[in-house]
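The values are calculated or read from the model by the stated rules, or taken from the named source; none is laboratory data. Note that the coordinates shown come from a computational prediction; the quantities given were computed from them, not determined experimentally. Counting neighbours? That spans all protein chains shown, and the Cβs are built from the backbone with ideal geometry, glycine included. Surface areas here come from the heavy atoms of the whole protein model, side chains and all, with no ligands, DNA or RNA. Shrake-Rupley method; radii C 1.70, N 1.55, O 1.52, S 1.80 Å.
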Amino acid sequence: MEVRVEGLVKRYGRVTALDGVSLGFASGGLTAILGPSGCGKTTLLRSLAGFVAVDGGRILFGPEEVTALPPQARGTAMVFQHYALWPHMTVFDNVAYGLRLRKLPDADVRRRVERVLDLVEIGRITGVMQRRPAELSGGQQQRVALARALVVEPRVLLLDEPLSNLDAKVRQRLRAEVRRLQKAVGITAIYVTHDQEEALAIADTVVLMNAGRVVQSGSPQEIYSRPESAFTAEFLGVSNQLAGIAEAGGVRIGAQRLPYAGAVRGRATLIFRATDASLATDEEEAAPGHTLLRGVLEERLFLGSVYRHYVRVEGETIMVDGTEPVEGGPVTVRVPVAKLQVYAA
Amino acid sequence: MNRAVLGWAGAGGIAFAILPWYATEDGIFALGWLSKYPLDRAAGPALVQALLYERLSLLPVLPLLLAPLAIRRLRGSGARSTLLLTVGASGMTWVALQGFAVGGQPGIGIGGLVVGAALLMIFCGGMAAKGAFNGDRFVSGGIGAVVALVVVFVFYPVSRVLVGAVLDNSGAFAPREFWTKLSAREVWGLDCLVSSAGCGVAWNTVLLGVLVAASSTALGLAFALIVTRTEFRAKKALRVLTVLPVITPPFVIGLAVILLFGRAGAVTTFIESAFGVVPSRWIYGLPGVWLAQVLAFTPIAFLVLIGVVEGVSPSMEEAAQTLRADRWRTFTTVSLPLMRPGLANAFLLGFIESLADFGNPLVLGGNFHVLSISIFFAVVGAQHDSSRAAVLSIVLLVFTLGAFYAQRRWLGRRSYATVTGRGDSGLHPPLPVSVRRLVYATALPWAVFTAVIYTMILVGGFVETWGRDHRFSLRHYVAAFAVDVTEFGLIWKGAAWNSFWTTVEISAIAAPLTATLGLLTAYLLERQRFRGKEAFEFGTMLSFAIPGTVIGISYILAFNTPPIELTGTGIILVICFVFRNMPVGVRAGIAAMSQIDRSLDEASLTLGARSLTTIRRVILPLLRPAIVAALVFSFVRAMTAISAVIFLVSANYDMATSYIVGRVENGDYGLAIAYCSVLIAFMVAVVLLIQLVVGRRRLGRRAPTAVSLEGQPTSSL
């Protein structure tokens, strides 16, 4: 089922949560909606579910417009951050709830519940169907919640930060699991998260939102390696920003000047990732395809896999990651030209 | 959409054609009307009334009811919803207008009721069809029903008081008389400042309210600090205090105070024999009423303040301590300021309670008059001046509504209490030594005093004649509760049985209705978003701030004559209880529902369940403890109410509390106190029984905990 929204607007008093959002969600694809808190991503998801009445725009499921339909008539299913399993029902009753509403015969209900519990890989826990949700671990509860959503074969599966309540290890494993399930079932899924790593790992398409608007959307690779704005570059990965003046053939940053061949002119923001840069202590000539920035190393943190160096360049502090520690003092930061982005400020 | 609306239209049409339009003698369940049905002038349905008895003003209702049946012929949902809205609105307006305007009609009966409900639901169906309330018909109907009920049974009667105030007793418009009565010296006089004559009732009332509120807040805080911040051993026993006001009829404390300090009281006679002090009537007046009210309302302040004191996040206090504040500085600079909004809240609650209290000033007031009593005597006394009662009601209403408004607008958003329910580990620091001593020195003697008072209540009924003959005697209990076993079965011979069974019956009918209405309102407030919600909430909570005496007089003014004629019936008592106690049900429901994460309903809705199904399958099962609490609470409150009830009782429907007050006025303290003990014992038994039956079953995370009367907002307004 292809899902489209056109010009969605939602205001809460003076705050505009959705400011004319238009998007298409591919049938059978997993789309991650990513953004900082307050960017409107949850409002977008909840307006798709029908819990938020939008002030303008249209929502279409395939050819059908559902903008005015109440939640129960939309044929979606939702997985919540806090699982939202009903504590007074057993696991079986939770999962069977939607099927019973559809007045399926008991035998069918039983068969489908068993199948879906196997699918989410908790069917083999002994007596799981007769347990109460509180007797399961967080990860298991979220699997039950997924089963409850999938069992009714919804037109669209909505996931609202489903993994953010779990600890890191379980989160990593369930992430792969969710993607496998979604592909196995072939359902259109929309996944809200504020974790950029999670979005990149799980999605076919990533939609980045900020301040109620879509900033950029595309495949994870695209959005990661070809950010179209300073915001995207900044949000995806640990990035450095330097303010400068772009001219023909170069960018001036304070007293330093870097070669530059792009089209931006005037006040500009220069962005590169901490992982793309490297450090050298000695004065060196720029290797082909690289550019150099001089600065002073102020501090160094050990992060486990890398050392993070804080370097003061022309009054601003930037970060450079490296596998080897570098001692303090004057240093040279080496950045591949291809990884350097310049945006008009 | 269409089917339910058509169903209502059909029901309305059928009611119009076959149900008796007017109220029948002895009520619809007595079935006496059946013998005269359907062609009789009294028992006939609207159709018969219109055709045979020329009550043609009823006739326009029929085409309105039938109009929705034509809905399928209309094209476009816009035209359909407009039709429904027009039909519903004009139908309701017409029924109400003709009820008031066309004279010579009896009160509305079952037929009129069903037709009115049908028109209301047609209107709500139209609202939902227009897209209001997200198009949810259940929500639309629920809001419509609650609004209609509150308008008819709270706003309409209160407006009758307002109107009654500017009319003289013959019903003519008399603004000058209104002004004379409002500004009268006995209301606002300040003679007490310069002479020995008493001040006006308004000042008396405010003075008493402020004194009682200040004392009960201070004592309540002392108790709350002991329970939450000290190592005091008998904390559990102190917590029992919080249940007492729930099960005690408000004037019982006043009775016990008389047994102690009255002219023949235990303390008085002891002091007379020991020191030769001549007994006087000093207790009758401000001291006595103050004492009784502080005794009665301290537990309520205690209950409120436990939450406040516990709500102060320990980490804030720990933060102060790590910055080298000692216990005293931490308490005075962090803990106490953080409690300030809660203290103000308790003060205002105490103020409202004191103003609304009727029983204690009646029993102990003497020559010290307060508004609630003056209103009562203006109606039932020799003066029988109902316009004066209405004027005084307005004064009282302005006071309580002012306090209520202040409590909600000014304090509502200024609570610092941390209510996240998680993440705040840590322990409250112990109290500074000086504070602890002070708190012990005030609270513990008071607790002992309270215990003595309750002992008096239990013992008082077993004494021959209090103050004169202290021999053990069962004669009061025999007089009140004797049962004869004869060959015809049990005969309830005691004088109290009649009012006792009436009370139990009326309370048992009112309780489920109160709980239903309260929880429905709570659901709408907690789970739905709609325009005008603030006004809706204010309206539903309003009756909390309307003193019982005002409700009582307003019901008499509003429901004594057609179109709604209810005085002298049991129904008016039931209705009175439902709307007086509804705010408590609403609060309990909101408190419980706010603990159930909204995503639990949303999960159900996305899976295709309608809101009614979601309520039934998800919310209600999780709310079970709250439902039971609301049931118990409204039952018990109905059994102990007095202020409104005393206006509404009749020979057929006498209530326990008004019977007891009658005994007290005749000086028959022994029987009165015996009856009180039985009532208290009965209610304790009911509460315990229900706790036992429901049990303390716990549900998983995010579910409310077991039934408990602690933590319920209480009030004996």
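Here are the numbers for the structure shown:
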quantity	calculated
Low-density loop positions, trypsin sites (Lys or Arg not before Pro), segment B:502-584 - DSSP coil, at most 14 other Cβ in 10 Å	B:ARG529, B:ARG531
Label-point separation in nm, B:GLN383 to B:LYS533, each point 7 Å along Cα→Cβ	4.6 nm
Sequence of A:SER137, B:SER643 from largest to smallest accessible area, 1.4 Å probe	A:SER137, B:SER643
Disulfide-incompatible cysteines by the Cβ rule (no partner under 4.7 Å) in the protein assembly as shown	A:CYS39, B:CYS124, B:CYS576, B:CYS676
Electrostatic dipole magnitude of the protein assembly as shown [Cβ: Lys, Arg +1; Asp, Glu -1; Cα centre; debye, to 20]	1120 debye
Rounded to whole Å, sorted largest first: equivalent-ellipsoid semi-axes of segment B:193-296, Cα gyration tensor	29, 21, 13
A:GLY29 long-range amide H proximity, modeled H, under 5 Å	A:ALA189
Spin-label zone in segment A:1-21 - amide nitrogen under 20 Å from a point set 7 Å from the Cα of A:ALA68 along the C-beta vector	A:4-11
Accessible area buried between chains A and B, both sides summed, probe 1.4 Å, in Å² to nearest 100	2400 Å²
B:TRP33, B:TRP8, B:TRP21, reordered so the largest accessible area comes first (probe 1.4 Å)	B:TRP8, B:TRP33, B:TRP21
222 nm mean residue ellipticity, helices alone, for chain A (DSSP H n ≥ 4; -39,500 (n - 2.57); rounded to 500)	-7500 deg cm²/dmol
Of A:LYS41/A:LYS169; A:LYS41/A:LYS103; A:LYS10/B:LYS130; A:LYS10/B:LYS533; B:LYS235/B:LYS533, those spanning more than 29 Å from alpha-carbon to alpha-carbon	A:LYS41/A:LYS103; B:LYS235/B:LYS533
Within the accessible area of chain B (1.4 Å probe), percent carbon and sulfur	64 percent
Two-site label geometry, B:LEU56 and B:LEU39: point separation in nm, points 7 Å out along Cα→Cβ	2.3 nm
Once the Cα gyration tensor of chain B is diagonalised, semi-axes √(5λ) in Å	45, 34, 25
B:CYS124, B:CYS192, reordered so the largest accessible area comes first (probe 1.4 Å)	B:CYS192, B:CYS124
Rg over Rh [alpha-carbon atoms, Kirkwood Rh] for segment A:97-231	1.03
Relative contact order, percent, chain B [alpha-carbon distance under 8 Å, six or more residues apart]	16 percent
Charge dipole of segment B:1-130 about the Cα centre (unit charges at C-beta), most positive-ward option of B:ILE108, B:LEU52, B:ALA9	B:ALA9
Neighbourhood charge, 14 Å Cβ-Cβ cut-off, centred on A:GLY244 and excluding it, Lys, Arg +1 and Asp, Glu -1	+1
Two-decimal log10 I(q)/I(0) for the protein assembly as shown, as the Debye equation yields it once each C-alpha is a single scatterer, q = 0.07, 0.10 Å⁻¹	-0.83, -1.33
For segment A:52-64, 3J(HN,Hα) per residue [Karplus equation, 6.51 cos²θ - 1.76 cosθ + 1.60, θ = phi - 60°, Hz, x = Gly/Pro]	10, 7, 7, 8, x, x, 10, 10, 10, 9, x, x, 8
For segment A:200-229 and segment B:672-691, distance of Cα centres in Å	68 Å
For segment A:1-71: rounded, prolate or oblate by the Cα gyration tensor [a/c cutoff 1.5]	oblate
Solvent-accessible heavy-atom area per residue, rounded to whole Å², over chain B at 1.4 Å	44 Å²
Alpha-carbon Debye profile of segment B:1-130, log10 I(q)/I(0) at 0.16, 0.18, 0.21 Å⁻¹	-0.74, -0.89, -1.11
Filtered trypsin sites (Lys or Arg not before Pro), segment B:67-116: DSSP coil and at most 10 other beta carbons within 10 Å	B:ARG75
Helix A:91-101 vs. chain A, principal-axis angle (Cα, 0 to 90°, nearest 10)	70 degrees
Using alpha-carbon coordinates, inclination of helix A:138-150 to the longest axis of chain A, degrees	60 degrees
Degrees between helix B:137-150 axis and first principal axis of chain B (Cα, 0 to 90, nearest 10)	60 degrees
Gained length - B:LYS236 relative to B:SER280, 0.36 nm times residue gap less alpha-carbon distance	12.0 nm
Centre separation in Å (Cα based) which lies between segment A:66-81 and segment B:550-571	48 Å
Inter-label distance, nm, simple model (7 Å from Cα along the C-beta direction), A:ILE125/B:PHE270	6.4 nm
Projected area, mean over directions - segment A:1-124, Cα convex hull, nm²	9.7 nm²
Prolate/oblate/rounded call for segment B:269-382, Cα gyration tensor, a/c under 1.5 rounded	oblate
Bridge type composition, the protein assembly as shown - antiparallel percent by DSSP, nearest 5	80 percent
Enclosed volume per residue, in Å³, of the convex hull spanned by Cα atoms of segment A:168-241	99 Å³
Cβ charges +1 (Lys, Arg) and -1 (Asp, Glu), total dipole of chain B, debye	2420 debye
Part-to-part distance (alpha-carbon centres) for segment A:87-163 and segment A:287-318, which is given in Å	50 Å
A:GLU314 accessible area, 1.4 Å probe, all protein chains in place, Å² to nearest 10	80 Å²
Efficiency of FRET from Cβ geometry, A:ALA134 and B:LEU207, R₀ 41 Å, rounded to 0.05	0.15
